[in-house]
Structures are given as C-alpha cells and as structure tokens.
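Here the structure is laid out as structure tokens; the discussion comes afterwards.
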Amino acid sequence: MNKTVYVFGHKNPDTDSIVSATAYAKLKQLQGFENYQAARAGHFNPQTDYIYKKFNVQSPKYLSNLTPKVEYFMQDKCETVYEDESVWSAIGKMQAANLRALPVIDKEGHYKSLLHYSAFAQKLLLLLNPELQTNISTSINHIIKTMNAQPLVVQNQTDIFKASILVGGASDSTFAEMLDTHASENIIVITSDREKIYELCIERKVKLLIITSGYMLSKELKEKAQENGVSVIMSPYTTSDTVMMIAYSTPVSFMADPEIPAVHQGDTISRIRSILLESPIRRLPVVDAENKVIGIISEHDLTNEPNIQLVLVDHNELAQAVEGVENYKIQEVIDHHRIGPLSTTYPITFINKPIGSTSTIITTLYQEARIPIPKDIASLLLCGILSDTLILQSTTTTDIDRQTAEYLSNITDLDIQTIGKEILTAGSRIKDRSASEVIHQDMKEYKEAKVSYTVSQIEVGNLKEIMDRKKEFLEELEIERRSNKALFASLLVTDITQLSSLLFIEYDERFEQFITFPKQEKNIYFLKDVVSRKKQLVPLLTEQVENFER
C-alpha cells in the first residue's frame, strides 16, 4: 500500500506556509505521485482565507495533530462476510486469503460481529456434542449451497429455522418412535439407502429429508413429498460427512463473536491498545463514523511503520511543526529560515535557501522539473511571495524573489502592486478579532539552549487600532508566556505603510535588562526599519537570549 505523504507548513501557518504546501503537493501529483496531499495544522488567517476564496482553490486537509491513530496503522484492505452467508462460505474466504478473522456485516456494511477460528471451534463443539440436544439454525438454501446438494423438492428454501438433526440409522420401528418424540420440532433427517425411512419422514411431514451417497427417491414418494410440504435434497457425501456439513451451513451470524468491539479510524492508539490486547485474536475491526467496516488492525500492525510520511515546508524546527511529528518519517524539508536543531536517523532531501519566501523555492522546483504551473497555483505562489516579502519591500527580498514574482505575474496576468496591496489589506484586519486569535494566527516558537520563547507577527495599515487595544494584547501575551513557561512571548506589529514595527513583549523580569531595543513605553518597543521576523528580529533576540544565559 502506498503511504500518504502529507505536506505540512508550520502549525500556526501564514500565507507562504499554506501556499507552499498546496503548490508542492500539486507538483508531486503532476509528477505522478498521487499519494502526496497538502495539509495544515492550523486555521487560515484572514489573508490566506481571502486568497484561497479569490482563486477558488481547495483548502489543504486540516489535521490539528498527528497523534498516532488507528487509521495510520490499520490494514485498509479487509475482506468481510454478510451475516446471512453460511459459515462454509466464510471459512472458504478465510482460507483463500489466509485470514485469521473476518468481520461480519449487514447488507448496508454495518459491523455486527467478528468470525474467528476460536469462536467457531467453541460453537461447533457445542453443536456436535452428542450429550447436548442442540438445535442448529440454518436454511434449506444454506444447506444446498454448503454441500452442493441436488434439490428434488424444495419448500421455503430461504427461511431460517432451528432444526433438530436425526440420523436415520435405527430400525424402522425405533426410528418411528424417534420421530414421534420430536414431532413438534423442525426436523432434518439424514439417511442413506432406507426407503422405509423415506416414507416415514414424508408421512410425518418432517422439515427436510437429506438422502446421502447419491441414492434416489422414487417418483411416487417425490410426488407425496410435494403434497405434504416436505423438502428433499440429495447429498453427494456420506451420512457422517453430511451431518458435519450441516453445522457448516449455519449462517455466519450464529457462529461469530459479537463480544469483540469495533474501533474507529480516528481513535488514538493509546486508547485502543488495551482493547486490542483483550481481544482473543489480537485483532479488531475498524469502522467509520457510520459504523461501516473499512479495515482491520492487529497487534502486529502497531510494530510496523505508520502509513503516512511527511514533507515540511516553510519551517525546519520541530517546535514549529504539527504536534506528533516525531512519530513519523520526514521525507523532505523545503525552507528559507534558519536551520534549527532538526536531526534524523536517515538521509533526507533538505532544501534551504536564503531568500524571501518558500513560495519562491517551490516555483523554481516547478521550473527545474519542466512542469507548467497551473494558473490557480501560480496565483497562490505569487501571493505567497508578496505576503512574505511585503510586496517585495522586506529586507529579506532577493533578486530571485523579484524575478520569480515577475514570472508568476506574467503567467497569471496579475499586477504585482495591485494584488499585493489587496492581500496585505485583507491580512491587516484586526477589528472584531480577539487578541488571542491575532497572536496565534502566525506564532512561532523558538528554543535557545535551556529557554524557549515565541514571536508572533501581524502586518497592519496603521498602528492606532492595535495601540488602542495594547492592554488586551499584552495580557494575552502574558497568558501565552506563562502557559508555555517561556522566557518571553512577543508580537511584532509591522506597519506596512512606514516599514517599521512595534514589539509587544511580556517577559520574565530577569530578562528585561537584556532587551536593547528603544522603549516606547512599558512592554512596547519601537523597531525602526524592522519588518522581517526571520532576518531582522530573531537574530537580535537570539543574541539577547544568549547574553541572558551567560
């Protein structure tokens, strides 16, 4: 089975991150790798939402975390059997596919029970125990199919009934007494070359007469059987084998184990592990939200690699990645930020370039592969570049970014300045948005030695609106700092008209003396000409944190 490869941006994704994931997954699909899928760990910010709606592009799949789940380990190719099929048919499926268990479903595919050899053996022993008077649930049709019998006279062949089995091996008089004892029951009589037994069965109107070893019924008795409503079939097996085959004709629902629960595809492995270990065969059926069987999971499956792998774009630090990333194989990293402490036990493709946008790198990968960029994807990539470089004005902008933006502008017929201002305006809206939402829409966590800190960023058209709410933003930053036990939590508010920023920051009191930025007021600093978190702010913060740790 091909593994699904999810292409993820960082967990609080900005436009460049989401766009890069979408565009790279599309590139891989165009190269023939249909198992690549764009994904996101966070919700769209207003700018990204505006862009995807404007160009009518489907949003990447939302996966808030990658905590190991059943769907990442289960076998999705799973044989099933309908509850009204015979055990004989079910056992045949199990042997043909070398299965140890078979989920039993109704006509709509809903899970009912699990057939496994242990349950079957236990119930079969009860049916065949001569010391117990056990009825067998079956139908004439199931019996005919199980033993490939030849029907002679058949009445109500699909009706399920509970039958008492009698073998016509005694003397005629003794057998007549046996019939009298079971007169009120649905009786199946199995006998061989015993014409007098045939007559007694037809006269007493038994449910079914099975003649074994290929012996025939006279035409006169056949007509009488039809008149008396007695079904008659011919078994190709001996009497003893036919008795055994009757047990296999039971509908599978009577032989399966209803006590084994199904688990859902979204259940975590930690939740189902104990249930799996309690299963007598260490296997459980997997169902969807409608209780329809979609797979099976075994104890052995948990020792295999999960059926998903990852590509990380626009980040390379695990602190910024989707939760649970450490449980999966990372195939590739495509980024334009500093290289963090990422390490793997295997070689991977790692592309990192000092340019203004990951969208620029993705565009060059299309060019290198000589694959035309679909117009909607090219539109997204152009927006990704313009968003991350503040319409090519950020200090992170390179000539490659400018050339790539022009290239995408020609493909899409979008004017760089017009679409750039349009998307920056969409992203600068903070009215009716909580401080928490603004801070978390593009927040990155950094770790330096023994401490961690967060830096969020938002671009605005003017600073007045956010300064009017400064108390609210600073309170939210303090909540963020305390909850993460961070050295500080900060918000870089970039004025896209003046190309300078304010830094809102809540910190451990011991850190205040190491902050060297010009203070505008308590917990707010003015950063002239600073617009890039990656290239300008984080290197300065890193230096201050290092001084603090000395």
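Data for the structure
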quantity	calculated
Residue within region 205-212 that is among the basic types (Lys, Arg), open to solvent by 70 Å² or more (accessible area, probe 1.4 Å) and closer than 18 Å to Ala225 by Cα present	yes
Complete set of residues in region 141-164 that are assigned to a strand (DSSP E or B) and either open to solvent by 50 Å² or more (accessible area, probe 1.4 Å) or at positive phi (or both)	Gln150, Pro151, Lys162
Restricting region 428-440 to residues that are open to solvent by less than 10 Å² (accessible area, probe 1.4 Å) and either assigned to a helix (DSSP H, G or I) or small (Gly, Ala, Ser) (or both), the residue that is nearest to Glu472 (Cα to Cα)	Ala435
Filter result for Ala247 (open to solvent by less than 40 Å² (accessible area, probe 1.4 Å), out of contact with any strand residue (DSSP E or B) (no Cβ under 6 Å at 6 or more places or on another chain) and of a type in the set (A, V, I, L, M, F, W, C))	yes
Test set (1) open to solvent by 30 Å² or more (accessible area, probe 1.4 Å); (2) at pLDDT 95 or above; (3) in a helix (DSSP H, G or I) - Ile419 fails condition number	(1)
Top-ranked residue of region 346-369 - restricted to ones that are of a type in the set (Val, Ile, Thr) and under 26 Å from the mean Cα position of the chain (by Cα), ranked as nearest to Gly32 (Cα to Cα)	Thr349
Odd one out for Gly169, checked against (1) open to solvent by 40 Å² or more (accessible area, probe 1.4 Å); (2) in a strand (DSSP E or B); (3) closer than 22 Å to Tyr237 by Cβ	(2)
Which listed residue is polar (S, T, N, Q) and closer than 30 Å to Ser359 by Cβ, from Ser86, Ser59	Ser59
Residue within region 129-140 that is closer than 25 Å to Leu217 by Cβ, part of a loop (DSSP other than H, G, I, E, B), at pLDDT below 90 and more than 41 Å from the chain's Cα centre (by Cα) present	no
Residue that is farthest from the chain's Cα centre (by Cα), among those in region 250-259 that are surrounded by 15 or more Cβ atoms within 10 Å (Cβ to Cβ) and assigned to a loop (DSSP other than H, G, I, E, B)	Thr250
Residue satisfying all of: in region 1-41; free of Cβ contacts under 8 Å to residues at least 40 places away in the same chain and either touching an Asp or Glu at 6+ places or on another chain (Cβ under 9 Å) or charged (D, E, K, R) (or both); farthest from Ile362 (Cα to Cα) among these	Asn2
Listing of strands (runs of 3 or more DSSP E) fully contained in region 305-412 that carry 1 or more residues being open to solvent by less than 20 Å² (accessible area, probe 1.4 Å)	308-313, 330-335
Which listed residue is on the phi > 0 side of the Ramachandran plot and loosely packed, with under 15 Cβ neighbours inside 10 Å, from Asn65, Asn56	Asn56
Candidate set from region 20-39 (those that are hydroxyl-bearing (Ser, Thr, Tyr) and assigned to a helix (DSSP H, G or I)); member that is surrounded by the fewest Cβ atoms within 10 Å (Cβ to Cβ)	Tyr24
In region 260-280, the residues that are open to solvent by 20 Å² or more (accessible area, probe 1.4 Å), touching a residue at least 12 places away in the same chain (Cβ under 8 Å) and not aliphatic (A, V, I, L, M)	Pro261, His264, Gln265, Gly266, Asp267, Thr268, Ser270, Arg273, Pro280
Unique match (being in contact with a strand residue (DSSP E or B) (Cβ under 8 Å, 6 or more places away or on another chain) and more than 30 Å from Glu546 (Cβ to Cβ)) among Leu424, Leu392	Leu424
Qualifying residues in region 40-85 (those that are in a loop (DSSP other than H, G, I, E, B) and among the aromatic types (Phe, Trp, Tyr)) - the one nearest to the chain's Cα centre (by Cα)	Phe73
Residue match in region 494-505 (condition: in a strand (DSSP E or B) and of a type in the set (Phe, Trp, Tyr))	yes
Thr397, sole failed condition from (1) out of contact with any helix residue (DSSP H, G or I) (no Cβ under 6 Å at 6 or more places or on another chain); (2) within 23 Å of Lys534 (Cβ to Cβ); (3) among the β-branched types (Val, Ile, Thr); (4) without any contact (Cβ under 8 Å) to a residue 40 or more places away in the chain	(4)
Total residues in region 223-238, condition under 21 Å from Ser139 (Cβ atoms) and either open to solvent by less than 10 Å² (accessible area, probe 1.4 Å) or not small (Gly, Ala, Ser) (or both)	11
Test: residue in region 182-190 that is farther than 30 Å from Ala289 by Cβ, among the β-branched types (Val, Ile, Thr), surrounded by 18 or more Cβ atoms within 10 Å (Cβ to Cβ) and within 51 Å of the chain's Cα centre (by Cα)	yes
Unique match (being of a type in the set (A, V, I, L, M, F, W, C) and in contact (Cβ under 8 Å) with a residue 60 or more places away in the chain) among Ile202, Ile210	Ile210
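The values are calculated or read from the model by the stated rules, or taken from the named source; none is laboratory data. Small disclaimer: the values here were computed from a predicted structure and weren't measured. Here Cβ is always computed from backbone atoms with ideal geometry, including for glycine, and neighbour counts include all displayed protein chains. Heavy atoms of the whole protein, side chains included, go into the accessibility calculation; ligands, DNA and RNA do not. Shrake-Rupley method; radii C 1.70, N 1.55, O 1.52, S 1.80 Å.
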